1. So, in the range 70-97, of the ones that are among the hydroxyl-bearing types (Ser, Thr, Tyr) and either open to solvent by less than 60 Å² (accessible area, probe 1.4 Å) or within 16 Å of the ligand (Cβ to nearest atom) (or both), which residue ends up farthest from Leu44 (Cα to Cα)?
2. Give the range 39-50 a look and list any residue that's farther than 18 Å from Thr113 by Cα and within 12 Å of the ligand (Cβ to nearest atom), or say none.
3. Do we find a residue being surrounded by 17 or more Cβ atoms within 10 Å (Cβ to Cβ) and at pLDDT 95 or above anywhere in the range 2-16?
4. Scan the range 114-127 for residues that are surrounded by 10 or more Cβ atoms within 10 Å (Cβ to Cβ), more than 21 Å from Gln53 (Cβ to Cβ) and of a type in the set (Val, Ile, Thr) and jot them down.
5. Determine if the range 17-27 includes at least one residue that is in contact with a helix residue (DSSP H, G or I) (Cβ under 8 Å, 6 or more places away or on another chain), in a helix (DSSP H, G or I), among the polar types (S, T, N, Q) and at negative phi.
6. From Ile125, Ile72, which residue is out of contact with any Cys (no Cβ under 8 Å at 6 or more places or on another chain) and either over 19 Å from His30 (Cβ atoms) or part of a helix (DSSP H, G or I) (or both)?
7. Pairs, please: C-beta under 9 Å, at least 6 apart or cross-chain, first residue under 24 Å from Asn111 (Cβ atoms) and in the range 50-76, second of a type in the set (Gly, Ala, Ser) and not in a strand (DSSP E or B)?
8. From the list Asn67, Asn111, which residue is on the phi > 0 side of the Ramachandran plot and either open to solvent by 20 Å² or more (accessible area, probe 1.4 Å) or not small (Gly, Ala, Ser) (or both)?
Amino acid sequence: MEALRQRLGHKKSKNINWIVDDLCNSQKLHLLDQVDLWHDRAVLHFFLKPGEQDAYFKLLKHLVKENGYVIIAAFNYNGALKCSGLPVHRYKQEMLEDKLGQEFLIKRSFNYTYTNPTGDTREYIYTLFQRDAD
Ligand SMILES: C[S@@+](CC[C@H](N)C(=O)[O-])C[C@H]1O[C@@H](n2cnc3c(N)ncnc32)[C@H](O)[C@@H]1O
């Protein structure tokens, strides 16, 4: 986070609300106003326990506005078993649809091969959902 702050510089970084919290046991995030966009790349797949996943999606549903969007990029169901040396829970579109429930409509989904700085590749699934207005 500090590296990102430095990269952005003072002028841009001072407009950002930087929050350190546990997505599976939120102490701060759940107190925020609702948001237009939830964007997660390479975080959800670290949550292996059903209780952690449930807490993550409960927080997401609490925070995303009606008509708001959700982008989730996670290790693909057919992809690698580990990320940064840690075991991951891999996803396909249907699993994310199931977790989000009917009020989140899938708008787009695609597979993506990420090449990391060492040249290794990792298979991701990218998904975009929009929340119903009900
Ligand atoms: C592979 S990195 C992805 C970082 C960034 N999203 C990206 O795409 O470059 C995984 C991130 O998940 C964060 N993370 C892991 N468990 C977490 C938790 N329980 N709550 C919040 N963040 C968590 C780690 O701190 C780390 O920054």
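The values are calculated or read from the model by the stated rules, or taken from the named source; none is laboratory data. Just so we're clear, the structure is a prediction, and the values are computed from it rather than from any experiment. Because the Cβ atoms are built from the backbone with ideal geometry, glycine has one as well, and the counts that use them run over all protein chains shown. For the accessible areas, the whole protein counts, side chains as well, though only heavy atoms, and no ligand, DNA or RNA atoms are used. Shrake-Rupley method; radii C 1.70, N 1.55, O 1.52, S 1.80 Å.
1. From the range 70-97, those among the hydroxyl-bearing types (Ser, Thr, Tyr) are 77, 84, 91; that's our starting set.
After this cut, where a residue has to be either open to solvent by less than 60 Å² (accessible area, probe 1.4 Å) or within 16 Å of the ligand (Cβ to nearest atom) (or both) as well, the list is 84, 91.
Details: Ser84: 14, Tyr91: 10 Å.
If we take residues in the range 70-97 being among the hydroxyl-bearing types (Ser, Thr, Tyr) and either open to solvent by less than 60 Å² (accessible area, probe 1.4 Å) or within 16 Å of the ligand (Cβ to nearest atom) (or both), then Ser84 is farthest from Leu44 (Cα to Cα).
2. Of the range 39-50, the ones farther than 18 Å from Thr113 by Cα are 39, 46-50.
His39, Phe46, Phe47, Leu48, Lys49, listed by residue number.
3. Filtering the range 2-16 for residues surrounded by 17 or more Cβ atoms within 10 Å (Cβ to Cβ) gives none.
The answer is no, given that none of the residues of the range 2-16 is surrounded by 17 or more Cβ atoms within 10 Å (Cβ to Cβ) and at pLDDT 95 or above.
4. Pass one, the range 114-127, residues surrounded by 10 or more Cβ atoms within 10 Å (Cβ to Cβ): 114, 116, 121-127.
Still in the list and also more than 21 Å from Gln53 (Cβ to Cβ): 114, 116, 121.
Residue satisfying the conditions is Thr121 alone.
5. no
6. Working: Ile72 fails: either over 19 Å from His30 (Cβ atoms) or part of a helix (DSSP H, G or I) (or both).
Going through Ile125, Ile72 in turn, the sole match is Ile125.
7. Phe57/Gly101; Ala73/Ala42; Ala74/Ala42; Phe75/Ala42
8. On the way: Asn111 fails: on the phi > 0 side of the Ramachandran plot.
The match here is Asn67.
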